[in-house]
Every structure is written in C-alpha cells, then in structure tokens.
Amino acid sequence: MKKRTLLLPLLLYLAACSTASEERTTWLAELYVRYLVPESQIKAEATFMAGDSVATARPLALSGDVRFNSHVMGRRQVADKLIRYNYENVGPQPDTVAFAWPHPFRDHTLELRRPMPRIDSFRLSANGEALQLALAPPLQPDEQVVVMLLDSLQRATSLTVVGPQPASFALRTGANDKGVPQATPRQYYLVRKNIRIEQIEDGRVTLILETYSELKDLSQ
C-alpha cells in the first residue's frame with residue numbers, strides 16, 4: 001500500500017510534464033536563410049503568425065526586435081498586414097545561424113540556433129548519359145541537394161536528391177524533377193538545403209536553410 005501511495009505523486013508529475021511538453025500551438029514562424037557562395041552574400045528573413053495552422057493564422061507583429069546572428073533585422077509590411085523581418089550582408093559563410101525574437105504572448109525571448117549547410121567542394125561529371133556527383137561534406141539525413149542543370153541555351157532543369165548519401169553518388173538522368181525530358185547539360189550549380197519543423201514552447205517554427213554554389217562547367 002505504501003508503494004502505491006508513493007507511486008501516485010510520480011504518475012501525476014509525469015502526466016503534468018507530458019501535458020506541458022504538448023502545449024497547444026498558438027503561433028507560427030517561418031525562418032529563412034540563404035547564402036550565395038559566389039557573392040559571399042547572406043540573406044535572412046522571418047515572419048510570424050498567430051494561430052495553429054497556415055490556413056487560419058493571421059499576421060503577427062512582435063513587440064520587440066528580431067535578431068539574426070545578433071544583428072537587429074529590418075522590418076517591413078509586405079501584404080495584408082504581414083510583417084517580414086529581413087537582414088542582408090556580405091561576408092564569410094557562418095558555421096551556425098541564430099534567430100532570437102520576443103515571445104508573441106509571453107514576457108521572454110526565444111532563440112533558435114542551427115548549423116548552416118555547407119558546400120566545401122563538389123564536382124559533377126558525365127560518363128555518357130550517366131551523371132556522378134561528388135559532394136563534401138556528404139549529404140546528411142535531414143538535408144537535400146538540388147542540382148540545377150543548364151543547357152547551351154541557359155534553359156534550366158533540376159534534379160533533387162535527398163540525404164543521406166555517400167561522398168559520391170549517381171544521379172538519375174533523362175528527366176527533371178517535373179518529369180520533363182532534359183536537354184544535354186553544359187553547366188550546373190547546387191543548392192544545398194536543410195528544412196525542418198520544430199516546436200518551441202507553444203509555437204511551431206519552420207526553418208529553411210539554403211546554400212547556393214558557384215556555377216561550373218560540366219566535366220566530361
């Protein structure tokens with residue numbers, strides 16, 4: 001009997017913890033970072049909505065500053081009261097990116113910090129109709145790479161590969177992501193992406209990180 005008495009408070013505590021960890025979503029955020037390797041340019045954007053789904057959420061203006069890597073982001077209204085926070089700069093690609101913003105309905109600051117996807121080296125080679133991509137660092141489980149192929153008329157098609165992948169792997173050929181037959185590619189560049197959805201307290205955050213490589217000629 002004594003054991004059951006001691007067990008009851010523990011069960012109530014665990015139930016309370018479970019309830020707290022499953023807070024109802026009251027706001028949404030979309031955080032976006034793009035780094036252009038050729039221009040050494042970084043761009044960050046953030047938008048916030050009140051509600052629990054994109055279909056019914058309404059634009060939300062925060063009461064304080066939104067920061068990206070410690071820099072105060074600019075703020076402008078883009079449409080239907082939607083506020084977009086933005087930041088642009090030129091410089092080396094950061095290893096990590098961090099957003100900080102005031103909680104929409106509570107009196108404290110939230111922060112999200114994640115590593116930025118990198119393209120240290122890459123090479124796409126053709127052997128007949130087959131394409132082989134060598135990429136460093138290798139593609140991770142939560143990443144994808146979009147291979148943008150340009151023909152002699154600069155018409156672009158794309159092939160998307162989802163991680164994980166080894167350091168070198170073959171690409172399917174003959175059609176692009178939309179199933180359209182592709183012309184013979186002459187040049188290419190890569191877009192390495194990391195897209196994740198995270199729950200932060202009572203909010204759901206969509207984080208999109210992209211790194212664009214330089215343009216290269218296809219190796220034969």
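Read-outs: derived from the displayed coordinates by stated rules, not from any lab. From a predicted model like this one, the values you see are computed outputs, not experimental measurements. Glycine gets a Cβ as well: all are built from the backbone with ideal geometry, and neighbour counts include every protein chain shown.
Packing around the peptides 209-217, 120-128, taken as the average count of other Cβ atoms within 10 Å per residue, puts them in this order, highest first: 209-217, 120-128. Going by neighbour counts of Cβ atoms within 10 Å, the residues Leu110, Leu159 line up, fewest first, as Leu110, Leu159. Among Ile200, Ile83, Ile42, a tally of other beta-carbon atoms within 10 Å of each Cβ gives an order, fewest to most, of Ile200, Ile83, Ile42. Between Thr96 and Ile208, the contour length at 0.36 nm per residue exceeds the Cα-Cα span by 39.0 nm. Site pair Ala136 and Val78 shows an inter-label distance of 3.7 nm when each label is modelled 7 Å from Cα along Cα→Cβ. Can you compute the FRET efficiency between Arg113 and Gln187 using 1/(1 + (r/R0)^6), with r the Cβ-Cβ distance and R0 = 30 Å? Round to the nearest 0.05. Result of the calculation: an efficiency of 0.30. Converting phi to 3J(HN,Hα) with the Karplus coefficients 6.51, -1.76 and 1.60 and the offset θ = phi - 60°, the range 119-132 yields 10, 7, 7, 7, 7, 10, 10, 10, 10, x, 8, 8, 10, 10 Hz in sequence order, with x at every glycine or proline.
Computed FRET efficiency, Cβ-Cβ of Arg24 and Asp65, R0 22 Å: what is it to the nearest 0.05? That gives a FRET efficiency of 0.25.
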